[in-house]
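We did not get these values from a lab; they are worked out from the coordinates using the rules stated. Keep in mind it's a predicted model, so treat the numbers as computed, not measured. Glycine also receives a Cβ, built like all others from the backbone with ideal geometry; neighbour counts cover every protein chain displayed.
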Amino acid sequence: MIKNILGILLIATLLLGCDDKNAQRIVPQSSGNINSVVVVSDNLLWENSVGEAIRDILAASVEGLSKDEPQFSMSQMPTEVFSGFAKNNRTVLKIEKGKEAATQIARDAYARPQTLVVISGQTNAEIIEQIKTNSVKIINAFKKTELKERQRRTSKSLFNDSQIREKLGVSLQFPTAYRIAKTEGDFFWIRRDIETGNVDLLVYEIPLSSIRKGDSAVVDIVRVRDSVGKIHIEGALENSYMATEPAFTPFISNVIIDNKPTFETRGLWDLKNAFMSGPFLNYAIEDKVNNRYIIVEGYVFAPSISKRDYVFELESIIKSIAIK
């Protein structure tokens with residue numbers, strides 16, 4: 001009798017163990033280049049108005065770059081070959097014609113981490129309507145996944161940011177490929193050399209009264225960054241310094257970083273009295289507790305090559321910030 005009871009308990013334990021394994025479903029590691037989306041659709045759909053609608057959304061130009069570059073690079077594959085390793089791509093947009101109109105977002109369906117967006121409709125018109133109606137949601141889902149992946153890769157080899165934490169009470173996760181090139185008081189200039197130029201970060205604080213709310217915000221942000229550039233970012237030529245490119249109106253928006261209201265400004269910089277320019281990404285993070293804005297700016301100098309992924313790298317670093 002005791003043997004029978006022990007046997008039943010053992011079988012139950014094994015079954016429960018199997019259930020736990022099934023609950024914690026094992027999926028392979030996802031793969032793919034940063035900001036690359038695989039579009040799964042029949043070739044005819046990709047080549048007609050449905051494909052055009054997808055390209056209009058995912059290949060829209062990144063704001064604040066001197067030349068048009070798409071938000072996402074795309075590759076298309078027919079539905080019948082979406083199997084095996086092809087399912088391991090980190091960001092996938094799947095089109096299903098002949099089904100009820102819907103847009104669904106699945107996490108880690110075939111790999112981890114993965115964002116799978118499935119758009120369906122009975123007709124091309126219904127599918128296109130789903131794409132247009134849910135464009136912001138689709139882009140945000142893919143971008144969130146890519147930011148996390150970029151930050152995960154960065155976390156493998158982090159620079160010791162103790163100087164910044166001690167001076168500003170700010171933690172920022174950036175890789176050891178960067179170096180602190182200049183520090184003056186509470187100002188930090190962080191640099192990474194690349195083959196064709198450099199990818200840089202600026203970190204400093206200003207009084208809360210320095211930036212007014214509303215339409216005046218962008219004017220104040222440009223004024224602040226120009227004054228800082230003139231003092232701290234000098235060029236090799238005499239009287240050359242960094243400033244905002246006046247011929248290009250910056251894009252400004254309101255975002256949340258570290259659970260704090262933030263002004264995000266994208267535009268172009270140039271080196272006054274010299275011949276250097278490129279895109280910048282500026283975040284003014286409202287720190288009411290300490291009566292200040294923390295300014296974290298990234299900018300790129302990389303003539304004649306794509307800058308999208310460098311700007312995205314800087315964005316991922318800045319969005320890792322934690323204000324103590």
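Taking Cα atoms only, the orientation of helix 124-133 departs from the longest principal axis of the chain by about 50 degrees.
Cross-linked pairs 167/213; 99/148; 288/324; 87/144: Cα-Cα separations exceed 24 Å for 167/213; 99/148. Among 198-205, 47-54, 158-165, the peptide with the highest mean count of other Cβ atoms within 10 Å heads the list, and the full ranking is 198-205, 47-54, 158-165. Evaluating 6.51 cos²θ - 1.76 cosθ + 1.60 at θ = phi - 60° for every residue in the range 94-99, the Karplus couplings come out as 10, 9, 10, 8, x, 10 Hz, glycine and proline recorded as x.
Relative to the longest principal axis of the Cα atoms of the chain, helix 308-318 runs at roughly 90 degrees. The residues packed around residue 37, meaning those with a beta-carbon under 10 Å from its beta-carbon, carry a net charge of 0 if Lys and Arg are +1 and Asp and Glu are -1. Per-peptide packing, taken as the mean over residues of other Cβ atoms within 10 Å, places 87-99, 58-70 in the sequence 87-99, 58-70 from highest down. Helix 49-58 and the longest principal axis of the Cα set of the chain meet at an angle near 50°.
Note on the range 177-323: Kirkwood radius taken over Cα pairs, Stokes-Einstein applied at 4 °C and 1.567 mPa s, translational D equal to 83 µm² s⁻¹. The convex hull around the C-alpha trace of the range 126-177, projected and averaged over every direction, spans 5.2 square nanometres. Evaluating 6.51 cos²θ - 1.76 cosθ + 1.60 at θ = phi - 60° for every residue in the range 193-208, the Karplus couplings come out as 7, 10, 4, 10, x, 7, 10, 10, 10, 10, 9, 6, 10, 9, x, 4 Hz, glycine and proline recorded as x. Using only side-chain charges placed at the Cβ, +1 for Lys and Arg and -1 for Asp and Glu, the dipole size of the chain relative to its Cα centre rounds to 1040 debye.
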